[in-house]
Each structure stands twice: as structure tokens, then as C-alpha cells.
Amino acid sequence: MSNTTHTVTCIAGDGIGPDVVSATQEVIKAAGVNINWENAEAGYKVFKAGVKSGVPEATIDSLAKNKVALKGPLETPVGYGEKSANVTLRKLFELFGNTRPCVELPGIQTPFTGKGIDLIVVRENVEDLYAGIEHMQTPSVAQCLKLISRKGCEKIIRLAYEIARAEGRKKVHCATKANIMKLTEGMMKRVFEEIAPEYPDIESQHIIIDNCAHQLVRVPEDFDVIVTTNMNGDILSDLTSGLVGGLGIAPSANMGADVTMFEAVHGSAPDIAGKNLANPTAMLLSAVMMLRHLGEFEAAQKIEQSVFVTLGEGTALTGDIAPKGKGVGTDKYLQALINNLGKSPDNYTPRDYKPIKIPQLPEDPSYGSTKLQTFIGADIFIASPMDTKSLGDDLVALSEKTPLKLKMISNRGTKVYPAVGGKTDCVDQWRCRFMMRDENAQMTDTDLMALVSACATKHIWVHIEKLCLLDGEEGFTRAQGED
Ligand code: NAP
């Protein structure tokens, strides 16, 4: 154990948060690590005090100063509009990497017991549909923007490789839906393929996300590191937690270039809060990740081994994981964990952990924007109750005197005008694609304004997207059925 005293921001959180955090602190102390815990607030009480983000200034300052936090679960307000304090914390400090190890634990029986599952999901944590940019396009059609940046992809992919190296892992799978979302999910795949050769010591493989879910249930032992986009990762990491016994025992880290925050995956379980029933394992294993981050590798291993020994003994387990009727209180489980510090479980080969090199990319907002962007048309989204043919014919006529002409209309991604046969059950939001009449001309804003003004004489437009070329290549996708 090192002689260093580490200062760590501690957010005990809501519900069972204080129960599992205090148990974790006791084990860390018993393992001989010196931590100066700087207590900070977030969550329920803070919302109630009128702070809309659920995170007060003092907590932000503490995190900015200490750079490391152990956080209990925070209750997300339901019904009074505020954003989640968890999401606020992740976004505020650009905690771009959510990492969730998933290891078969002794004494926790699952249908997968014996397969030797030992993997980690590295999920992008701030972009994608979680940017939370949603708009009602018509009273009955909602839209959510899926934003994926090249920089975001590069950061999470490099982090996945760095974790693989730090933990002596051999393989990184990149799981995407690039076959359908060629630009957004496709960007993740392309950046993965670009960066993979920089890590020749690690096997790299792309996998379609749905097949990844399928293979995880068939052969979970074949996976080592899985890197993926936010929404995919949200679902996949719950799946992998389920493989080894559920959310209640799953640890996680939210990593950024500057700040890292460790937390259990489970929520605040208010029904059992303060009743000496909560299982602190997930929080404790999150603290094990934190200790490695702080360079306390020996203590981390000692605590991890104690968890394994205690679970393996199975004589003092909390009710959620003990055989029916045999559960003990948090206090007795905690005592067993402390008693078992220094013991080594059977068949345990510790990994040779090294510090993780967190990727540091330039702050320049245009990082990765190396291609020349030119505009050749626009998609105008129109809210209209008209039928397809009447709307199409109308827009052809309205745009006649502008530099752009209607190429096609699609409804929820399927081309419906000019008619292609088949039957689309249309809704009242239409993507109307206009291209420059002169194929060699670039579209100016004046051209676009003329078109929009002409369409707006009869129709309600709700959204406009310019169509660009990047170094001559189309920077937009075609509708189903569009040539
Ligand atoms: P939850 O708090 O994880 O609890 C669901 C159930 O799981 C509990 O009722 C309890 O089951 C069991 N459980 C979870 N953790 C446990 C532990 N450590 N020890 C023993 N049992 C445990 O999920 P939820 O009910 O959906 O969410 C409650 C609140 O937590 C919500 O406000 C939600 O927004 C928030 N939340 C926060 C985070 C976070 O801060 N990262 C994450 C998820 C949810 P029994 O009923 O069988 O005892």
C-alpha cells in the first residue's frame, strides 16, 4: 500500500447510496488506503432545494479540484421536468467513456456460470441520441437527433484500446449498426478501422450490434473488450451485467480526460434504504476500479480478492444474492469482507493491471474536419395533411422558378414521390429533397431562401437540412427506393 493520502470527492447520493458508500469506505480504510473524503451533495435534496441541475456549485468545484469521485446513486426526478443529475455530471466534465467490467463472480449462480466470462464494455457516454435533442415535428411526429462526432468516436475507441493494454486484454470488438446508419454508426466503424492498426498487439474486430447481443448470450467467453456508441452501449452493458448476476453487483467508471467518477450501476433502491439490507458489492467493485485509477493496485487486488472469497464462502451474503431466507444485513456482510482482507480465493489469477492512458485529443472544435464541404441541395421537412401526389405536384409547381427542383419526397425514410409502387402508411411529416437544377452549381443561402420562401407560401416547413458533398462524396444518405 502506498503512503500517499488521496483526496477524493464523495457523493453519497440518495436512497441506499449512503449505506453502500459508507460500507465501501470502511473496507477501503481496513485495506490500509489513506483517503481524505471530501463530501459533496447531488441529487434529490439538491433538486428539492431548487437547483435545477441537481448538482450545486460546491460539488462542481470539488470535482474540478480533486478530479476523482466516488458517487452513490442519484434519484432522477420523475414528473417535474428536471434533467438527471447523473447526466449533468457526465456532461459537465465530458466523462466520455462509461466502462463496465463484467466478470463471473464466485457464488453467484447464473445460467452462464462456468463459462469464465471476463469482459468490459466501453460505452461512449455523451453523444448519440443521448445528446437529447428532440423536437415535435407535427403534433403526432417526434424526432430525435443522433449526433456522432469523429472526435467522440476517436476518444472512445482509443480509450477501449488503452484499457485493453492496461488490463492485458487481447481483443477489441467494435459493435455498431453501421449497416443501417451508414453515416453515424458508420463513422464509429470507420474510425475504429482507421485506429486499429495503431494497436497491432490487440486483435480488432467489427461486429454488428444485434449479432453482438446474440453472440454475447451464445459465447460470452469469446469477448474481451467491446467498444460501442452510447445507445447501443446502454443496452449492451445491461445485458452483460445480466450475464454475471445483474445490476446489483455491477461496477462502473465514467472517464474523462480530466475527471473520473466511479459508481455502482444500480439505482437508489429507496424501498430498502437505511434498513441494513443494501448490497455494497457493486459500489465496492467500483471503488476497486477507483483504487487502480489512483495507482493503489495492491489494495485494489486485496479488496477484490476479499469480495471473491466472501461471495465464494456464501455464508454472509445480503438478501439479494443469498439463498432464499439466508440473507444477512449489510453490517454482517461488511464484517465478512473486512475479515477476508488478505485472503486469496481458489483458482484466482489476478490481472496485471497498469495505469490506463486516457486519450487526450486537441480541444480544437474542428478537429477531424479535414474535407472540403460544398452544398448541392436541401431536404425541407414539411408538415402537411395532404396526400403524397397532391403535395409532390404542388411542390414541383411552387419551386419551378427557383434554382432548385424537387427530386423526391420520402415518408419516414421511404421514397413515396414520384410513386414507386408498394404501399407506405404515410404520416404528416414529409422529407422533400430538392437538388440544384444546374448539377454543377453549388447551392448558396440565397438559392435556399428562395426555395423556402416559395414553399412557405402554401406549406409549413418544420426543419431544413442542407445536402453537402465532402471532397466530392455525398454527405447524406438516400431514401429507401431513391436512385
Ligand atoms: P434500482 O434503484 O437499481 O432498484 C431496483 C431494485 O433492485 C431495488 O428495489 C432492489 O430490489 C434491487 N437493488 C438495487 N440495488 C441494490 C443493492 N445494492 N442491494 C440490494 N438490492 C438492490 O432501480 P430503480 O428502482 O429503477 O431506480 C430507483 C432510482 O434510482 C430512480 O430514481 C432512478 O432514476 C435512480 N437510478 C440512479 C442511477 C445512478 O445514479 N447511476 C442508476 C439507476 C437508477 P428489491 O426491491 O428486491 O429490494
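A few points about this structure:
- Using the Stokes-Einstein relation with a Kirkwood hydrodynamic radius computed over Cα pairs, the translational diffusion coefficient of the chain at 10 °C and a viscosity of 1.306 mPa s comes to 63 µm²/s.
- Estimated purely from DSSP H runs of n ≥ 4, each contributing -39500 (n - 2.57), the mean residue ellipticity at 222 nm for the chain is -10000 deg cm²/dmol once divided by its residues.
- Three semi-axes of the equivalent ellipsoid, region 326-370, Cα gyration tensor, whole Å, largest first: 45, 18, 10
- Just so you know, the Rg over Rh for region 156-300 is 1.00, from Cα atoms, with Rh as the Kirkwood radius.
- If you model region 105-191 as an ellipsoid using its alpha carbon gyration tensor, with each semi-axis the square root of five times an eigenvalue, the axes come out at 32, 19, 12 Å, biggest first.
- Sum of side-chain charges, Leu216 neighbourhood, beta-carbon under 15 Å (Lys, Arg +1; Asp, Glu -1): -3
- Residues Arg433, Arg478, ranked from the fewest to the most other C-beta atoms within 10 Å, line up as Arg478, Arg433.
- Across Lys29/Lys71; Lys151/Lys357; Lys65/Lys151; Lys389/Lys415; Lys91/Lys466; Lys48/Lys83, pairs whose alpha-carbon gap is larger than 19 Å: Lys65/Lys151; Lys91/Lys466
- Asp61-Asp201 FRET efficiency (beta carbon distance; Förster radius 35 Å; 0.05 resolution): 0.30
- Label-point separation in nm, Lys401 to Ala441, each point 7 Å along Cα→Cβ: 1.5 nm
- Anisotropy class of region 405-460 from Cα gyration tensor, a/c 1.5 cut: oblate
- Unit Cα scatterers, Debye sum, region 373-474: log10 I(q)/I(0) for q = 0.15, 0.21, 0.25 Å⁻¹: -0.57, -1.06, -1.39
Every number in this text was worked out from the coordinates using simple rules, so none of it is lab data. Quantities reported herein were computed from a predicted structural model and do not represent experimental measurements. In this analysis, Cβ positions are derived from the backbone assuming ideal geometry, glycine residues included, and neighbour counts consider all displayed protein chains.
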